[in-house]
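K.L.:
Can you keep this structure in mind? I'll have questions shortly.
The values are calculated or read from the model by the stated rules, or taken from the named source; none is laboratory data. Just so we're clear, the structure is a prediction, and the values are computed from it rather than from any experiment. So basically every Cβ, Gly included, is an ideal-geometry build from the backbone, and we count neighbours across all protein chains shown. Surface areas here come from the heavy atoms of the whole protein model, side chains and all, with no ligands, DNA or RNA. Shrake-Rupley method; radii C 1.70, N 1.55, O 1.52, S 1.80 Å.
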Amino acid sequence: MVSSSRSIPAPELCFNALLLLVSLSCFTFTSTDAYDPLDPNGNITIKWDIMSWTPDGYVAVVTMYNFQQYRHIQSPGWTLGWTWAKKEVIWSMVGSQTTEQGDCSKYKGNVPHCCKKDPTVVDLLPGTPYNQQIANCCKGGVINSWAQDPDNAASSFQVSVGAAGTTNKTVRVPKNFTLLAPGPGYTCGPAKIVKPTRFQSADKRRVTQALMTWNVTCTYSQFLAQKTPSCCVSLSSFYNDTIVSCPTCTCGCQNNATQPGSCVDPKSPYLASVVSGIGTKNPYQPLVQCTSHMCPIRVHWHVKLNYKEYWRVKITITNFNYRMNYTQWNLVVQHPNLDNITQLFSFNYKSLTPYAGLNDTAMLWGVKFYNDLLSQAGPLGNVQSELLFRKDPSFTFDKGWAFPRRIYFNGDNCVMPPPDAYPWLPNTSSRPVISWLLPILTILASWMFFLGSF
């Protein structure tokens, strides 16, 4: 009996293995997981409190709490949506409004504010008349982060719902909650009925509670929010003339065929007209200065000075986006020496401890009315500060120890240069040149040895 299978020659088998390894090296695997290791409990919680019953429904106060330590909702603000469980309508709203009224033709006389099955709600703007406001409303949808500004980390509105149940047993919770802040990135879970919220009077002598409460939890994923990174990190030091730039094409490439004209030369005579966004469908779409990395934000970490017991770092944040002023910006840095930070100049500082007993993460942000606004690309489009550290027993300039492990800008993880590109001490031996072919050749040699043993 003759077998129909054929033996594969060793050279062909080795070539196939090499081809497979090269193919795998061309793919980048990403995750849409919303878990943030530096803010493991961060989320936005939407609390829906029914405060009173009406003849055909109820009046509720809806509050969004930003429990994220350093990620805030910036202008143009949040957009909240859901789907009604039955045939509910919105009679009126205070502190917010729906973007569309929908078909209310079956109502005569008193017409509802919104009759859509899936309403979309936005915050009112600052300066709204007082009779249309409630507490924590009317900030244009901007919600600050919990660690940076806890007093402004919530947003509320009041809604009067009709054609709904009038008791705890007949009311049905809405479904399919969505949150844009202002773009995609948040995924909201189902509404869950919880213990009614309790409220304490201003004099703290009386406690009342909601008639019914449900919560919705929304978590953020940077991979869902944007297809490309939004910031990168460059490095330099006093002991090496090498300036390690952001990796090329970190946030896109200048010759990107899918987005022609996605960057602007600062010397272009048409700069003003392009930046104005005339004829642009989305005026909030980043318009960046033409660079090798094409990122809206670059963070530069420079190891500046070395003292006997201290060392100093200079941080510079540069805005390359012509269409964005970053208000209430913040920076999160992870470095092993942050537990010995001694002094900061012109930045605020807060220690973050995502894990008990490990103080290696810090949040930095600008001083109010001084540098809390990061202006759009141009001469004023940067902020900077210096950090002074006390040396601990593990201190060393060797092997990139002086550079950060991770940097976030406004909650987004910035792309770091590859570790083998970090500035090295001048007294170290020449940096080994590691070819990307070395691991492939090693595996190939192993295959040859394995096949030769038969």
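Per-residue answers, yes or no, for (1) among the hydrophobic types (A, V, I, L, M, F, W, C); (2) under 24 Å from residue 244 (Cβ atoms); (3) in contact with a Leu (Cβ under 8 Å, 6 or more places away or on another chain):
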{"position": "328", "(1), (2), (3)": "no, no, no"}
{"position": "341", "(1), (2), (3)": "yes, yes, yes"}
{"position": "347", "(1), (2), (3)": "yes, yes, yes"}
{"position": "352", "(1), (2), (3)": "yes, no, yes"}
{"position": "364", "(1), (2), (3)": "yes, yes, yes"}
{"position": "367", "(1), (2), (3)": "yes, no, no"}
{"position": "378", "(1), (2), (3)": "no, no, no"}
{"position": "398", "(1), (2), (3)": "no, yes, yes"}
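K.L.:
For the range 86-134, which residues satisfy the criterion of being among the small types (Gly, Ala, Ser) and under 15 Å from residue 60 (Cα atoms)?
P.N.:
Step one: list which residues in the range 86-134 are among the small types (Gly, Ala, Ser), which gives 92, 95-96, 102, 105, 109, 127.
Listed by number, the residues that qualify are 92, 95, 96.
K.L.:
Taking strands (runs of 3 or more DSSP E) that fall entirely within the range 319-405, which contain at least 2 residues that are open to solvent by 30 Å² or more (accessible area, probe 1.4 Å)?
P.N.:
Details: elements: 330-334, 341-345, 347-352, 361-366, 382-390.
In the range 319-405, the matching strands (runs of 3 or more DSSP E) lie at 341-345, 347-352, 382-390.
K.L.:
Which condition from (1) under 20 Å from residue 82 (Cα atoms); (2) open to solvent by 80 Å² or more (accessible area, probe 1.4 Å); (3) not acidic (Asp, Glu) is the one that residue 173 breaks?
P.N.:
Among (1) under 20 Å from residue 82 (Cα atoms); (2) open to solvent by 80 Å² or more (accessible area, probe 1.4 Å); (3) not acidic (Asp, Glu), residue 173 violates only (2).
K.L.:
Keeping to the range 155-206, report how many residues are in a loop (DSSP other than H, G, I, E, B), β-branched (Val, Ile, Thr) and touching a residue at least 40 places away in the same chain (Cβ under 8 Å).
P.N.:
Counting residues in the range 155-206 that are in a loop (DSSP other than H, G, I, E, B), β-branched (Val, Ile, Thr) and touching a residue at least 40 places away in the same chain (Cβ under 8 Å) gives 5.
K.L.:
Only one of (1) open to solvent by 60 Å² or more (accessible area, probe 1.4 Å); (2) farther than 30 Å from residue 372 by Cβ fails for residue 129. Which number is that?
P.N.:
(2)
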